[in-house]
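Working notes, structure below.
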Amino acid sequence: MDTAKHIFVTGGVTSSLGKGIISASLGKLLQARGYKVTIQKFDPYINIDPGTLNPYEHGECYVTEDGGEADLDLGHYERFLNITTSQANNVTTGKIYNTVITKERRGDYLGKTVQVVPHITDEIKRSIFALGETGKYDFVITEIGGCVGDIESLPFIEAIRQARWELGTTNFLVVHLTLLPYLKFTGELKTKPTQHAVKRLLEAGVQPDILVCRTERKIPQEIRKKLALFCNVDYDSVIEAIDNPIIYEVPLLIRKEKLDERVLTKLHLPLLPEPDMTEWEVFLHKLKNPVSEVNIGLVGKYVALPDAYKSIIEAFIHAGANHECKVNVRFISAEEVKDEKAAELLASLNGVVITPGFGERGIEGKISTIKYARENELPFLGICLGMQCAVVEFARNVLNWETAASREYDETSAYQVIDLMEAQKRIVKKGGTMRLGAYACKLKKGTKAYESYGREYISERHRHRYELNSQYLEDFEKAGMIAAGINPDTALVEIIELKDHPWFVGTQFHPELKSTTLHPHPLFVSFIKAALVCKKRKKTHVPY
Ligand code: GLN
């Protein structure tokens with residue numbers, strides 16, 4: 001039985017208003033009152049998951065512990081609530097149709113015409129209730145991607161409408177996030193787009209209980225009254241969500257607006273205890289009052305869209321706050337870094353990270369960056385493809401295997417130092433077939449990795465097809481690149497480090513995915529510490 005209270009978060013007027021942040025912030029406030037909360041994202045696109053999408057389409061592809069390739073909003077949920085999500089927390093139209101069509105072929109609906117209503121909507125409802133039915137949660141927040149009025153979100157809205165009757169009104173609540181545009185020339189906040197957006201919801205049979213309004217200005221009382229009157233909500237259910245560059249401040253802002261209290265009252269729950277946000281406030285205080293700063297270069301090929309590297313950017317924010325240090329992330333297009341230009345682009349940095357990625361574009365620039373970092377004692381963190389590039393760079397420039405490469409972009413090299421994993425060789429389908437999710441790793445004592453984590457066994461999340469070719473490991477280790485982390489079951493190399501470098505670490509996994517406000521990732525924390533040392537040394541000209 002589904003024993004959870006359900007909160008649905010829909011969006012109107014436009015997409016990209018920050019439904020993910022609002023959902024995560026509300027979830028945080030409820031969690032801080034002692035409730036067990038989870039959040040799920042419903043995406044109306046037809047892809048089964050975002051694993052096959054270019055990051056320019058929807059930003060980074062997040063990976064869950066159980067190997068799900070998921071929407072980046074799941075990253076916000078994990079970072080805010082310090083919880084882990086799973087494949088069940090991200091449902092797409094593609095997954096829903098896939099299930100229904102598989103059932104149809106199996107004969108589950110024998111004799112019946114399979115239709116959007118009831119078969120697709122029933123399947124959506126099954127997904128809505130699935131997490132609640134585990135009995136693990138007091139609240140399940142369901143964020144509906146896209147915008148009300150989009151053709152593809154209609155079945156989801158209809159499923160929400162029906163869910164109300166199944167759950168009962170005291171277990172069901174709709175929060176609608178909209179935009180109040182500000183017209184400079186008349187000096188007014190306009191309510192009409194919100195009125196229209198709510199009408200679209202009403203046409204579909206759903207009455208929002210609470211309106212959360214994104215705005216660049218404070219919402220005057222008369223505008224709140226107007227919104228309440230024309231959108232059928234209580235006056236105190238019009239919540240202001242004022243623009244704020246620090247997403248981690250949003251829980252406190254919506255708390256001031258009493259969003260959590262409105263939710264509890266409407267769901268017939270007590271207003272006590274108050275949320276305990278002490279740890280959150282400590283984090284926020286450190287974040288907002290840095291005593292130092294460092295410049296970190298982020299070299300990648302999707303730098304025009306920072307959302308493509310969301311988790312890395314947030315991991316730097318968490319690690320920076322830990323050191324009370326402002327981390328200025330400088331985005332550098334990998335294609336711009338050429339050997340001769342590397343010094344000019346990288347000299348002012350205190351550390352550099354080479355991002356994950358796929359394909360050949362930008363590889364040479366990444367390798368040039370790594371060469372510069374290795375030779376100039378610049379702290380370096382290579383993530384997944386970044387680690388693989390570090391291995392190629394070392395093979396080419398230290399071991400002098402000039403043609404060394406990864407099989408991903410060079411089938412003919414005599415030195416495939418990065419090669420396709422055995423298990424990947426027979427795979428032809430692209431979707432969901434990489435090495436995905438959490439795997440164990442054993443750290444070597446005396447390494448930077450061991451020092452950072454402070455323990456021998458760790459578990460980290462993966463998303464890749466290629467790996468370090470262990471046939472060459474002995475040559476690498478003799479020349480100073482060591483395997484600092486090994487998978488205890490398969491012996492795959494998960495972390496490489498340079499012995500004679502102040503901080504040079506490459507990970508085959510994605511450490512950024514497990515960094516949260518409460519638990520900044522140890523490798524990021526250690527990397528920022530190294531960047532601070534690098535900055536000091538540069539200033540005082542003290543060599544290592
Ligand atoms: N393209 C590389 C691989 O598949 C690296 C993947 C990544 O950076 N996530 O192994």
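Assorted remarks:
- Residue among Thr84, Thr121, Thr99 that alone is free of Cβ contacts under 8 Å to residues at least 40 places away in the same chain, part of a helix (DSSP H, G or I) and of a type in the set (Val, Ile, Thr): Thr99
- Residues that are free of Cβ contacts under 8 Å to residues at least 24 places away in the same chain, over 21 Å from Cys325 (Cα atoms) and surrounded by fewer than 17 Cβ atoms within 10 Å (Cβ to Cβ), drawn from segment 254-285: Lys256, Lys258, Glu261, Thr265, Pro270, Leu271, Leu272
- Residue count for segment 80-94, restricted to those that are within 19 Å of Ser127 (Cβ to Cβ) and open to solvent by 40 Å² or more (accessible area, probe 1.4 Å): 3
- Restricted to helices (runs of 4 or more DSSP H) entirely inside segment 309-393, those with at least 1 residues that are of a type in the set (Phe, Trp, Tyr) are 310-322, 363-375.
- Single match in Leu180, Leu201 (criterion: among the aliphatic types (A, V, I, L, M) and either surrounded by fewer than 17 Cβ atoms within 10 Å (Cβ to Cβ) or touching a residue at least 60 places away in the same chain (Cβ under 8 Å) (or both)): Leu201
- In segment 464-484, the residues that are within 16 Å of the ligand (Cβ to nearest atom) form Cβ pairs under 6 Å with partners that are charged (D, E, K, R), at six or more places apart or across chains, as follows: His464/Arg435; Tyr466/Glu408; Asn469/Asp419.
- Extreme residue, nearest to Thr92 (Cα to Cα), among residues of segment 31-55 that are charged (D, E, K, R) and in contact with an Asp or Glu (Cβ under 6 Å, 6 or more places away or on another chain): Asp43
- Within segment 56-79, being out of contact with any strand residue (DSSP E or B) (no Cβ under 9 Å at 6 or more places or on another chain) and buried (at least 19 other Cβ atoms within 10 Å of the Cβ) holds for Gly59, Glu60, Arg79.
- Each residue in segment 13-64 was checked for being part of a loop (DSSP other than H, G, I, E, B), touching a residue at least 24 places away in the same chain (Cβ under 8 Å) and closer than 29 Å to Leu259 by Cβ, and 15 pass.
- In segment 492-517, the residues that are within 16 Å of the ligand (Cβ to nearest atom) and assigned to a strand (DSSP E or B): Val493, Glu494, Ile495, Ile496, Val505, Gly506, Thr507
- Considering segment 446-486, and only residues there that are of a type in the set (S, T, N, Q) and over 25 Å from Leu399 (Cα atoms), the residue that is surrounded by the fewest Cβ atoms within 10 Å (Cβ to Cβ) turns out to be Ser459.
- Of the criteria (1) open to solvent by 50 Å² or more (accessible area, probe 1.4 Å); (2) at pLDDT below 95; (3) under 19 Å from the mean Cα position of the chain (by Cα), which one Val303 fails: (1)
- The single condition among (1) under 28 Å from Glu408 (Cα atoms); (2) within 27 Å of the chain's Cα centre (by Cα) that Leu345 does not satisfy is (2).
- Criterion (touching a Ser or Thr at 6+ places or on another chain (Cβ under 7 Å), in contact (Cβ under 8 Å) with a residue 12 or more places away in the chain and buried (at least 21 other Cβ atoms within 10 Å of the Cβ)) met by exactly one of Val327, Val352: Val352
- Thr412 without any contact (Cβ under 8 Å) to a residue 40 or more places away in the chain, out of contact with any helix residue (DSSP H, G or I) (no Cβ under 8 Å at 6 or more places or on another chain) and away from the ligand (no atom under 16 Å from the Cβ): yes
- Test for Val428: is it modelled with pLDDT under 95 and either away from the ligand (no atom under 16 Å from the Cβ) or within 19 Å of His464 (Cβ to Cβ) (or both): yes
A quick yes/no check of all residues on (1) at pLDDT 95 or above; (2) touching a strand residue (DSSP E or B) at 6+ places or on another chain (Cβ under 8 Å); (3) more than 14 Å from the ligand (Cβ to nearest atom):
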{"residue": "Gly359", "(1), (2), (3)": "no, no, no"}
{"residue": "Lys366", "(1), (2), (3)": "yes, yes, no"}
{"residue": "Glu375", "(1), (2), (3)": "yes, no, yes"}
{"residue": "Gly386", "(1), (2), (3)": "yes, yes, no"}
{"residue": "Glu393", "(1), (2), (3)": "yes, no, yes"}
{"residue": "Arg396", "(1), (2), (3)": "yes, no, yes"}
{"residue": "Trp401", "(1), (2), (3)": "yes, yes, yes"}
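- Selection count, segment 1-34, where residues are open to solvent by 30 Å² or more (accessible area, probe 1.4 Å), under 30 Å from Thr278 (Cβ atoms) and out of contact with any helix residue (DSSP H, G or I) (no Cβ under 9 Å at 6 or more places or on another chain): 1
- Of the residues in segment 95-106, at least one is open to solvent by 10 Å² or more (accessible area, probe 1.4 Å), under 24 Å from Leu513 (Cβ atoms) and over 17 Å from the mean Cα position of the chain (by Cα).
- Positions within segment 29-54 being closer than 15 Å to Leu74 by Cβ and touching a Phe, Trp or Tyr at 6+ places or on another chain (Cβ under 9 Å), in sequence order: Val37, Thr38, Ile39, Gln40, Lys41, Phe42, Pro50, Leu53
The values are calculated or read from the model by the stated rules, or taken from the named source; none is laboratory data. Keep in mind that this is a model prediction, so the values were computed, not measured. Because the Cβ atoms are built from the backbone with ideal geometry, glycine has one as well, and the counts that use them run over all protein chains shown. Heavy atoms of the whole protein, side chains included, go into the accessibility calculation; ligands, DNA and RNA do not. Shrake-Rupley method; radii C 1.70, N 1.55, O 1.52, S 1.80 Å.
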